[in-house]
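To start, the structure itself, in structure tokens.
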């Protein structure tokens, strides 16, 4: 079977999109794009410039103007207007704002165009919340990863503790539930699987097992 040149991976926060997407792209020799990182970069630029999460016009302008460069060489790096912002994207103030920023139509319109431009060359794995439904509706393969909120909170809590963050599981779970609600109920590009997406429940699967399941879908 001919490999799909564009693969869309969607799902809620901490469902495994990024780690699985990276490994899949490495396996195939494709470029990987985590669109969540792009929204985080906009949220961080908004913090730096003092743009309120309620200022839709200001955020839309910011999203349209910002130049984003994503690089996987020598470790994952994100540059916004030429400035290294990788480490800043996981700061609490970004975590608090990213879903609020990403829900705005003006921001999403600007980001979707940038994401489509990145995918135009093909040979790409793109992960996010609306890739299969909005960004790349014609993607040859669409996968939607799901997992319980408790399991996703456990994973995210472990990630944060591993990098020295002092946070409780209960706080992580509460934040995750809030982000799920915002992502699912937003008017613009709500989180939902595409009609032709393959749903994979990752609750009891290892990353390798999820990767293998996607590779098998490519052979069907």
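No lab work stands behind these numbers, since they all come straight from the coordinates. Since this is a predicted model, take the numbers as computed values, not measurements. Cβ coordinates were reconstructed from backbone atoms using ideal geometry, including for glycine residues, and neighbour counts include every protein chain displayed.
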A student applying the Cα gyration tensor rule (rounded when a/c is under 1.5; otherwise prolate if a/b is larger than b/c, oblate if not) would label the range 1-127 prolate
antiparallel share of DSSP beta bridges within the range 6-211, to nearest 5, in %, is 25
Calculated from DSSP helices alone, with each H run of at least 4 adding -39500 (n - 2.57) and the total divided by the residues of the chain, [θ]222 nm to the nearest 500 comes to -15500 deg cm²/dmol
Ordering 162-168, 143-149, 126-132, 114-120 by per-residue average of other C-beta atoms within 10 angstrom, highest first, gives 126-132, 143-149, 114-120, 162-168
Computed over the chain, the relative contact order (Cα-Cα under 8 Å, seq sep at least six) in percent reads 33
